1. What ranking of MET184, MET131 emerges when the number of other C-beta atoms within 10 Å of each C-beta is taken as an exposure proxy, fewest first?
2. Quick one: length gained pulling ASP340 to SER447 fully straight, 0.36 nm per residue minus the C-alpha distance?
3. Using a Förster distance of 45 angstrom, determine the FRET efficiency expected from the C-beta separation of GLU427 and ALA398, and round it to 0.05.
4. Please sort by residue number the chymotrypsin sites (Phe, Trp or Tyr not before Pro) in segment 1-61 whose DSSP state is loop and whose Cβ has at most 15 other Cβ atoms within 10 Å.
5. Kindly flag which residue pairs out of LYS166/LYS655; LYS48/LYS679; LYS509/LYS557; LYS451/LYS509 have an alpha-carbon separation exceeding 31 Å in this structure.
6. By what distance, in whole Å, do the Cα atoms of segment 374-517 stretch along each of the three principal axes, largest value first?
7. How fast does segment 476-578 diffuse by Stokes-Einstein, in µm²/s, taking the Kirkwood radius from C-alpha pairs at 37 °C and 0.692 mPa s?
8. For segment 572-611 and segment 327-347, write down the distance between their C-alpha centroids in whole Å.
Amino acid sequence: MAGKFVENYKKRFVNPYNFIPLMESCSRSVPTAEFEDCYTGYFDCRIKLLTPLFIPNTSSSSRLLSEEEKRNEKCKDEKWKGYDFYSYDDWSSEEWEGKGLPLPPQNPAIPGSEIRGALRSVFEAAFNGCMSSVSVDRVLSRRTNKPKKPGILKKINNEWVIIPCKRAMLFIGNKESTIPDEKMGIAVGRYRYNHWKEGQEIWVKFGNDQFTKETRKGSIKIAEVVNQYEVIENSSLTHYNRTKEERRRELRKKGYVQSWLHKGERFAHKHHESVFYDCNESEEALIRVNHSLDIDSLKIILEQYRDLGKNRNIGRDGKWYDGYEVFERGTLVYYSEVEDHVYLSPACLGREVFTKTVGALLKENGGYDPCADEKLCPACQVFGMVGKSGNGKAYARASKVRVTDAVLVDPARDIGELFEEPVVLPELGEPKPGTVEFYTEPPYEPSEKWKKGQGFWTYDYKYKVQNNKNPSNMRILSVREPKLRGRKYYWHSQVDLERYRGNQLSAMKQRIRPMKAVGRDEEPLFRFRVYFERLNRTQLNQLKWAIDFGNPACAHKIGRAKPLGFGSVRLSIDNLYLREIDKGTGIWEMKRETNIDNFFSHPVEASEALRIVQKMANWEERPRNVQYPSVDPGSHGTPYKKNETASHQWFKENKKDGYFMKVLPKADEDARKNLESEKALYTYTRNKN
C-alpha cells in the first residue's frame, strides 16, 4: 500500500441512516374503550413519488433476465436474479421468448402491507411505542482488530479450560504470494496441505528467521517461521496416534518440537498457516472457561464462518471449516480474557460473539422490547400485536388499522412512461448492529474522555484508558450498557440512476425495473385508503400524523434500496370519512368530514423523538451528501488492491489505532451543513506519502 489513509476534509458525507432517540421508558397500559370517544372510518390518501420506487413482484426472480443471460453458466452458478415491479400478475410459469426484456406490468400496485409498515414505524418512533419488529434474539458479533492468543480448548475433569500455546508460521506454497521465498521458511506443497486435517500433528524446527511486519512505529515480530518439519501420519489433536511414540522420541532428540496445524481461510496473497506449539498444560497455566455461554458463542461463530451467504469468498471448494467443531478432546482456538469472560474464535483477528442481545438491551433501557402481554404500548394498541410473555403464555391483539393496496389514480395512462429502464443495483448488505460506533452511544463518563478519538467498546466491554495493550484496562459493561441509539431511520436523498446503468449481474447484484419519480408540479400517482376502527380521538390524531407528519415537506420511505435514495414518497390525505350511528334506529352511514384541518385542530403531543422524526423525514431540507462510508484509493492511476476501497474498509480505518476515531453524529448534528470537523464524517483517502 503506497501511503496511509487519512480523512479527506473535502469529502464529507452523511451516513444513509441515523436514529430516532428512545425516550426514558416505553409507556404501556391495558387498552380501554369508551363509547363517546370512539371513531370508525377511513382516510382517502394519495402517493406522490419523489424518487424512483421499486417493490418486487417475487412470483418470478428471472423475469428481467434475457435469454442470453439465462444460458450463461455464471447465471446458473451464481443464481442471477431480475425482478419486475409489483403487480397482481403471476409470472412464475412465464416463458419469455421475445428479444430483450418483457414490457412492464400493465397494472402496477403498491402492497398495503408496505404502506402499513411505514406508517407503523413512524407511529412507534413518534409516539413512544415498542420496537415491534426488532429481532430480540439476534446474535451480536464483530470482527476484532486486536490479536488474540493461541490455545487449545479442552475439557479436563468435566471442566472447560484453555491450554495456552505459542504460534509459529508454516509456509504453504501460494503462487499469488508477493513475498520472497527466502523469508517464508520451508514450503509445504498445496496438494499435501489440502490432505491434512485440522489439528494435524506436525513436529517443527525453527531457524533464525522471524516473520516481521513494517508499521509506522517500526518493524514488529509476528511469529517464528518453520524451517523444517516432520509429519506424524494419521495423528491429530482429536485422534492421537499412540503407536507413534518411538517416532516422537526420535524427533524430540533431533530438536523438533511437537505442534498442531490450525487451518485457516484461504484468500489471495495468503502465504502461511499456523501451527500451535509449546502448549503449557500445567495446572497453574490453565485458563478456566467459567461461562458455558462462552463455549456457545464459539459454536455460533463457527456457524457464521461456514455460512456461504456471509462468507462468499469461501467458494464452492472451500471446506476449511467443515471439520472444525468444538471437541472435548481438544479444539485449536484463539482467545482473549476480559475479567471472568473468555472470548473464543477460530481466527487470530476473528469475530467475537457478545453475551448481550438487542432484546436484553432494549428491556434494560426503558423496556422497548416488543410487547408480549395485555399491557400494550400506544402503537400495539392501534396496529395490533402477537407475542409471548415471560411465562410462555401467548397473547394477541387484532389491529384497528387496515391499509388497502395503492393503485394508479389514472390506470389509462401510458404504462411505459411510468417506468425507468431496468438497472442493476449494487450489492446491498444487511444491517450490521455490531458496528457499535454507529449503533450505540459511547459508554464513557465525561471524566473518562479519551485524549484522542472516542474510545473503544463492544456490547460486552470497554477500554477504560487509552492503553489498550494492557488487558487489565478492559472492563465488562453493565447490563444497561452500551445504550442503543434508538430506532433506525433513513435520510432522504436523490437517486443517480446513471451510476447503475453499466453494472453487471452477479450473485449479489440484481436487476430491477424502478418506477419513475414524478415532477414537482405533477399530481400524485397512486391512491389508497387507511381504514380505522374504534380509535379514540388521541389515537386518530396520531394516526393522521403518522400519514402526513403534520408537515407537507415530509415524506416516507418505502420499498427496496432505501439507502441508495429509492422509495421517497409523499403521502397526502384527500378526505376523511367517519361512521355515524343513529342511536334510535341503529342505522349507520359514512359521512365526509368537510373540514379536516378543523377536525384535527389540536396538535399531537410534542416530544424530542417526534421532532427528530420530522427532521429526518423532511424532504425539502434533506442532506445533500448522503452516502455509505467509503475509502478513496487516491489520485488516478494509484494502484490498489481489489476490495481495498469497499465500505467496510472505512470502519477498519476508523479503528486502526485501537480506538474509534469517529462515531456517528446525532441526527440533529448530521443534518447541519457546518458541522465541526471533530464530529463530521469524511471519506478516507490514501495519502501519497
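1. Working: MET184 22, MET131 25.
Ordered from fewest to most neighbouring Cβ atoms within 10 Å, MET184, MET131 come out as MET184, MET131.
2. Details: separation 107, 0.36 × 107 = 38.52 nm, distance 2.58 nm.
Value of the extension gain: 35.9 nm.
3. Values: r = 39 Å, r/R0 = 0.88.
The calculated FRET efficiency here is 0.70.
4. Numbers: sites: PHE5, TYR9, PHE13, TYR17, PHE19, PHE35, TYR39, TYR42, PHE43, PHE54; in loops: PHE35, PHE54.
Sparse-neighbourhood loop chymotrypsin sites (Phe, Trp or Tyr not before Pro): PHE35.
5. Working: LYS166/LYS655 27 Å; LYS48/LYS679 35 Å; LYS509/LYS557 22 Å; LYS451/LYS509 43 Å.
Cα-Cα > 31 Å for LYS48/LYS679; LYS451/LYS509; rest within.
6. Cα extents, longest axis first: 70, 49, 29 Å.
7. Working: Rh = 17.7 Å.
Translational D for this selection: 186 µm²/s.
8. Each part's Cα centre sits 61 Å from the other's.
Each reported figure results from applying straightforward, stated rules to the coordinates on display, with no laboratory input. Please read these numbers as outputs of a predicted model, since none were measured by experiment. Don't worry about glycine lacking a Cβ; one is built from the backbone with ideal geometry, like all the others, and counts go over all protein chains shown.
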